[in-house]
1. Just one of (1) of a type outside the set (A, V, I, L, M); (2) open to solvent by less than 40 Å² (accessible area, probe 1.4 Å); (3) in contact with a Phe, Trp or Tyr (Cβ under 6 Å, 6 or more places away or on another chain) trips up residue 128, so point out which.
2. Give all pairs with beta carbons closer than 9 Å in which a residue from the range 141-153 that is surrounded by fewer than 22 Cβ atoms within 10 Å (Cβ to Cβ) meets a residue that is outside any helix (DSSP H, G or I); count only pairs at least 6 apart in sequence or on separate chains.
3. Working carefully through the options 185, 159, 92, find the one that is surrounded by fewer than 24 Cβ atoms within 10 Å (Cβ to Cβ), farther than 29 Å from residue 69 by Cβ, at pLDDT 95 or above and of a type in the set (Gly, Ala, Ser).
4. How about the range 60-119: which of its residues are touching a residue at least 60 places away in the same chain (Cβ under 8 Å) and of a type in the set (Phe, Trp, Tyr)?
5. Test of understanding: among 69, 37, 51, which residue is modelled with pLDDT of 55 or more and either surrounded by 17 or more Cβ atoms within 10 Å (Cβ to Cβ) or over 18 Å from the mean Cα position of the chain (by Cα) (or both)?
Amino acid sequence: MKNILVSTFFVAALSATSAFANEDYTGGVVSPEAAQNIQLCLESNVDVALNKSIRACTQAYKASVPNYNVRSDILTRRGWLQLSAGKYEQAARDFKWASKLNDVNEFAYLGDGFAALMQKDYDSAIAYFNDCKTHNDAAPLAYYGLGMTKELAGDSSGALEAYQKAANLRPEWQAPLEELSRIKA
């Protein structure tokens with residue numbers, strides 16, 4: 001299950017990064033070093049140099065202009081990196097701040113759900129995942145997270161239904177299909 005969670009974090013982080021890539025954040029940064037930090041933060045690979053990427057996000061946040069959307073995106077990315085590093089409390093804190101700065105940052109709420117899941121707070125995780133089901137980009141990941149949460153909470157039929165919805169929303173994604181096969185077997 002842990003390998004599945006790590007791969008899910010990776011997929012979610014890539015989805016979040018692709019959303020950030022459409023923005024030009026370097027225009028509001030005060031120095032070349034800060035621009036390098038923000039680039040390292042937002043384009044980092046969760047499998048490589050997590051601590052370096054987390055530090056880059058922290059430095060980028062400190063150097064960024066006081067734009068709530070930019071800061072929310074930096075905190076969201078740092079939260080995904082923290083989650084991948086197993087720092088669940090720090091990740092939850094980053095996601096909460098990110099969602100306060102930008103209340104339509106669907107990946108911050110999705111991250112909140114995965115942080116709650118990893119802390120075994122299944123009721124909170126379910127609430128966060130349910131909140132993300134209507135967002136186009138986050139919906140497949142939300143249903144997948146909901147499936148994992150329901151399965152861990154002992155609700156096999158609810159898990160099966162959530163995995164099926166994730167598979168329907170993103171048919172090329174293998175993770176929910178594998179979970180469906182495993183549960184049905």
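1. (2)
2. 151/1; 152/1; 152/120
3. Every option except 159 fails the conditions.
4. Within the range 60-119, 80, 107, 114 qualify.
5. Checking each option against the conditions leaves just 37.
To keep it simple, each residue is scored yes or no on (1) surrounded by fewer than 23 Cβ atoms within 10 Å (Cβ to Cβ); (2) charged (D, E, K, R); (3) under 21 Å from residue 124 (Cβ atoms); (4) under 16 Å from the mean Cα position of the chain (by Cα).
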{"residue": "58", "(1), (2), (3), (4)": "yes, no, no, no"}
{"residue": "63", "(1), (2), (3), (4)": "yes, no, no, no"}
{"residue": "73", "(1), (2), (3), (4)": "no, yes, no, yes"}
{"residue": "76", "(1), (2), (3), (4)": "no, no, yes, yes"}
{"residue": "79", "(1), (2), (3), (4)": "no, no, yes, yes"}
{"residue": "82", "(1), (2), (3), (4)": "no, no, yes, yes"}
{"residue": "86", "(1), (2), (3), (4)": "yes, no, yes, yes"}
{"residue": "98", "(1), (2), (3), (4)": "no, no, yes, yes"}
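The values are calculated or read from the model by the stated rules, or taken from the named source; none is laboratory data. As the structure is a prediction and not an experimental result, all values here were calculated from the model. Counting neighbours? That spans all protein chains shown, and the Cβs are built from the backbone with ideal geometry, glycine included. Heavy atoms of the whole protein, side chains included, go into the accessibility calculation; ligands, DNA and RNA do not. Shrake-Rupley method; radii C 1.70, N 1.55, O 1.52, S 1.80 Å.
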